[in-house]
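Report on the structure given below.
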Amino acid sequence: MKSKVTVTCPSNIALIKYWGKKDTGVQIPQNPSISWSLSDLTAKTTLQYTPGSGRQINFSYDGVPKESFLPKINDFFTRIEEIFPWVKDGIFNIDTINNFPHGTGIASSAAGFGALATALVEIEGDLDRDSSEYWNKVSELARLGSGSACRSMFSKPAVWGVSEAVENSSDFFAVELKTTIHPSLQNWKDCVLIVDSGEKKVSSTAGHSLLNGHAYANSRFTQATENLAEIVRVFEEGNVDRFIKIVESEALQLHSMMMSSIPYYMLMRPNTIAIIEEIWKFREETNLPVCFTLDAGANVHLLYSKEVESSVKTFIESNLLPYCQNAMYLCSDIGGKPQIENHD
Ligand code: PMV
């Protein structure tokens, strides 16, 4: 066993959305999803472990104790006991910090649980970092913290959930696409346009449960499964137009499911729609490879090929900033995986 490790882990943005859990098992998705890691939007977590009897967890954010996070972390440790019985005992000092502001709608839980899961696998020290078993284990642990976190450990697109289109895909952990990604879809960026930096209107847990008994749930799960199989082909063949259509349709489907559930939610704000319309207009006028996706919130993720970065930056500055809260947006390269620093 090791005693101290620091891990920096990226967040991720789903292209095919996970929305709905099966009622069998813990955090088992109703449909497969696929995401890109966001290498510049990260959580940095230091875990210090001291053997002992009984479990004590101390959690701080940037050195300041944060007791409000403890219930979620305690639940996580209880869930992973079956996989890692050694976590039943010992003192776990966890300090974490994100390199992006809180409340920007960026999946801080994905980066945070990704970092913590990697740190735990490192502390145990039984697996070789170059093996797929190591990353399967990291991803499985991260899933038990927050479902989408299990996709944050891969530089290539990460698939979580069983799909006939992806070899070794699993509901328990994510795997990276093994196929060669076409050059036209290799070097993309994501700029998150902050429309509303307020608290989430519906928590992920509540959001997923809205799919239980939802009138359109089964069609949605089928469509997501088909979209996933298609986007995997698109990644190989490089059909950017299809990529754009699938990604935008997935974002709007996620929000349609929210608008048609009981209770119903409208998470887009007027400026979300204004930005989407600006993006469509810009694409029609320039024919450049840009599109949007959305998370379960009002902010817009603008995805574009790095080849057109300077035109897109000008477009953001001149057309989109007026719709952003305090003119705020955050950009990241696509890719990245957990970076590990051992202290022993
Ligand atoms: O991991 P959770 O339970 O926070 O769910 C995330 C769900 C979405 O972000 C809306 C979609 C996704 O696949 O990441």
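Each value in this text was obtained by applying a stated rule to the coordinates, not by laboratory testing. These figures come from a predicted structure and were not determined experimentally. As a convention, Cβ positions derive from the backbone with ideal geometry for all residues, glycine included, and neighbour counts pool all protein chains shown.
Just need the relative contact order of the range 1-157 here, percent rounded to a whole number, with Cα pairs under 8 Å and 6+ apart.
Relative contact order, the range 1-157: 32 percent.
In terms of modelled amide H atoms, which long-range or inter-chain residues lie less than 5 Å from the amide H of Trp188?
For Trp188, whose amide H was placed from the backbone, the distant partners under 5 Å are Lys306, Ile334.
Test of understanding: given the chain, find the longest segment containing no GluC sites (Glu not before Pro) that are in a DSSP loop and have at most 15 other Cβ atoms within 10 Å.
Within the chain, the longest run free of exposed GluC sites (Glu not before Pro) spans 200-344.
Explain nothing, just compute: Karplus ³J(HN,Hα) = 6.51 cos²θ - 1.76 cosθ + 1.60, θ = phi - 60°, for every residue of the range 191-201 in order, whole Hz, x for Gly and Pro.
10, 8, 8, 7, 8, 8, 9, x, 4, 4, 7
Enumerate cysteines in the chain without a disulfide-compatible partner, where compatibility requires another Cys Cβ under 4.7 angstrom.
Among the cysteines of the chain, those whose Cβ sits 4.7 Å or more from every other are Cys9, Cys150, Cys291, Cys324.
Karplus couplings for the range 224-230 from phi (6.51 cos²θ - 1.76 cosθ + 1.60, θ = phi - 60°), rounded to Hz, Gly and Pro as x?
4, 5, 5, 4, 5, 4, 6
Once you list every other residue whose beta carbon is under 15 Å from the beta carbon of Trp280, what net charge do they have if Lys and Arg are +1 and Asp and Glu are -1?
Net local charge, Trp280 excluded: -3.
Report the paramagnetic label zone for Tyr264: residues of the range 1-25 whose backbone N is under 20 Å from a point 7 Å from Cα along the Cα-to-Cβ axis.
Answer for the range 1-25: 20.
Given R₀ = 51 Å, FRET efficiency for Ser256-Trp86 by Cβ-Cβ distance, to 0.05?
0.70
For the chain, just say rounded, prolate or oblate: build the C-alpha gyration tensor, square-root its eigenvalues into a ≥ b ≥ c, call rounded for a/c under 1.5, and beyond that prolate if a/b exceeds b/c, oblate if not.
In terms of gyration-tensor shape, prolate.
Can you give the helix-only mean residue ellipticity at 222 nm for the chain, where every DSSP H stretch with n ≥ 4 adds -39500 (n - 2.57) and the sum goes over all residues, rounded to the nearest 500 deg cm²/dmol?
Value at 222 nm, helices only: -10500 deg cm²/dmol.
State, as an integer percentage, the relative contact order of the chain based on alpha-carbon contacts under 8 Å between residues 6 or more apart.
25 percent
Please list, ordered by chain and number, the residues whose modelled amide H lies under 5 Å from the amide H of Asn31; skip anything fewer than 5 residues away on the same chain.
Hits under the 5 Å cutoff: Trp19.
Under 5 Å between amide hydrogens, which residues at least 5 positions from Cys331 or on another chain qualify, with H placed 1.01 Å from N in the peptide plane?
Val192
Note down the net charge around Ser53, summing +1 for each Lys or Arg and -1 for each Asp or Glu among other residues with Cβ under 11 Å from its Cβ.
Summing Lys/Arg as +1 and Asp/Glu as -1 gives +1.
Lys281: which aspartates and glutamates have alpha carbons under 19 Å from its alpha carbon, excluding same-chain residues fewer than 8 sequence positions away?
Within the straight-line limit of under 19 Å, Lys281 reaches these aspartates and glutamates: Asp190, Asp241, Glu248, Glu309, Glu317.
Read phi for every residue in the range 7-19 and hand back ³J(HN,Hα) as whole Hz from Karplus 6.51 cos²θ - 1.76 cosθ + 1.60, θ = phi - 60°, with x for Gly and Pro.
With coefficients 6.51, -1.76 and 1.60, one gets 10, 10, 10, x, 7, 8, 10, 6, 9, 10, 8, 8, 8 Hz.
Which shape class, rounded, prolate or oblate, goes with the range 98-252 when its Cα gyration tensor gives a ≥ b ≥ c as root eigenvalues, a/c under 1.5 marks rounded, and past that a/b bigger than b/c marks prolate?
It is rounded, given that a/c, with a ≥ b ≥ c, falls under 1.5.
Determine the shape class of the range 146-193: with a ≥ b ≥ c the square roots of the Cα gyration tensor eigenvalues, call it rounded for a/c under 1.5, and otherwise prolate if a/b is greater than b/c, oblate otherwise.
In terms of gyration-tensor shape, oblate.
Quick one: among Ile276, Ile83, Ile231, which has the greatest mean-square fluctuation in a GNM of the chain with alpha-carbon springs under 10 angstrom?
Of the options given, Ile83 has the highest mean-square fluctuation.
Can you figure out the FRET efficiency of Tyr61 with Asn212, using R₀ = 25 Å and their beta-carbon distance, to the nearest 0.05?
Efficiency at R0 = 25 Å is approximately 0.15.
To the nearest 10 degrees, how steeply does helix 108-124 sit against the main Cα axis of the chain, on a 0 to 90 scale?
30 degrees
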